[in-house]
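> So that we are looking at the same thing, I have put the structure below in structure tokens.
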Amino acid sequence: MDYPLCERFGWDATRIQDRLRLLELDDAGKMRRGQALQDKVIAPNIGRIIDGMYRSLDGIEEFRRVIDKPEARARLRERQKHYLLGLGIRFDEPAYFEERLRIGAVHQGAGVPQSVYQCTFQGLQGLLIDHIPEYIREDDGAFEAMLRFILKITALDMSLAVESYYMAGISDLAQSLDNERDKIARLHKLAVTDWLTSLHNHSYSKRCVAAALERASAEQRPLCVVMADFDHFKEINDAHGHLVGDDVLRIAASRMLSAARTGDVICRYGGEEFLFVLENTDRREAEDVAERVRARISDDAMHSHDTQLTLTISLGIARARASDSVETLIDRADQALYAAKRAGRNCVRFAPNTGHSGEASV
């Protein structure tokens, strides 16, 4: 079978494999991940994904100018559906490269600015990521694998469209790949970061505790978690408003980071509640960290919007047991936190080291 664009731009079998290798799409599981993307993300949501693409495109004047008739929109919608249903399937074959190269050539012939379909690829990345099902998001490894594959396969398609648009090879591919790697890192950071405090978010906190428990058990090293909650924080919001409250949370998050050690993980667990994951840390060291955090929060007033506030924090510590799950470990730290609240707040309390049967901590 003839592939005229592949032949025109020099896409033989060797160059195809070189491009896949550069994008790290040449491993044994590559086709399985493409089929998983189709089965779990695209096929169940294809109508919504296409609707999302149209909402984005309709905001671009050049798109509305070129695609200005209902029949043209209907044809484009059908082509988009065909494209999506082939995304990531048999992408190591010349037929896949030929179709992607044709995208740039068709856009050039129709007078569509390159920026339009580049923005479309960027929007498509976001739409595919948004439709990753929740059960995959809850699995750190599966979510990371799916996220990486989406970014890589759309990067492959965009690079081919750009190359055919300019009728020449991509001379700055290395820089493009560096940008894609940075994009992976940025999107991963967004997926695990709390928007207000820039600490890790609730979803990441549980995955982090699970991974830390596994390492602690395998390496026979101590692990402690700390639950922390600001005292009477609702009164700040009630008296000064949520803008001040948000500002105080940002300041407090910065202070917590400055009091913690390199390698300690701090997550915003919810509202004004925070979770610390302290690996290779015994009770004494965990209490030292918690006390530093408590002092760092309360010793100096915070200034926000012409308001000066003094904030205190209560902290509860639990050391992991051999039998702990994520839930039991966090629950014991939470109980220790409530013990600190009952003790008058602005203090640190430690959960008992052993359970009812005297089980040892890791």
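> Yes or no: the range 83-93 includes at least one residue that is at pLDDT below 75 and surrounded by 15 or more Cβ atoms within 10 Å (Cβ to Cβ).
So the first thing to find is which residues in the range 83-93 are at pLDDT below 75, and the list is none.
Checked against the condition, which is being at pLDDT below 75 and surrounded by 15 or more Cβ atoms within 10 Å (Cβ to Cβ), the range 83-93 yields no hits at all.
> Can I ask one more? Residue by residue through the range 277-304, note down the ones that are at pLDDT below 95, of a type in the set (A, V, I, L, M) and buried (at least 16 other Cβ atoms within 10 Å of the Cβ).
Result: 302, single match.
> Being surrounded by 20 or more Cβ atoms within 10 Å (Cβ to Cβ) and at pLDDT 80 or above, is that true of even one residue in the range 128-144?
Yes, the range 128-144 has at least one match.
> Only one of 31, 53 is in a helix (DSSP H, G or I), touching a Phe, Trp or Tyr at 6+ places or on another chain (Cβ under 9 Å) and not basic (Lys, Arg); which?
Details: 53 fails: touching a Phe, Trp or Tyr at 6+ places or on another chain (Cβ under 9 Å).
Answer to the selection: 31.
> Inside the range 305-332, can you point out the residues that are surrounded by fewer than 18 Cβ atoms within 10 Å (Cβ to Cβ) and assigned to a strand (DSSP E or B)?
Correct list: 307, 308, 309.
> Could you count how many residues in the range 298-345 are free of Cβ contacts under 8 Å to residues at least 24 places away in the same chain, of a type in the set (Ser, Thr, Tyr) and under 20 Å from residue 237 (Cα atoms)?
Result for the range 298-345: 1.
The values are calculated or read from the model by the stated rules, or taken from the named source; none is laboratory data. These numbers were taken from a predicted model, which means no experiment stands behind them. Every residue, glycine among them, receives a Cβ derived from its backbone with ideal geometry; neighbour counts consider all protein chains shown.
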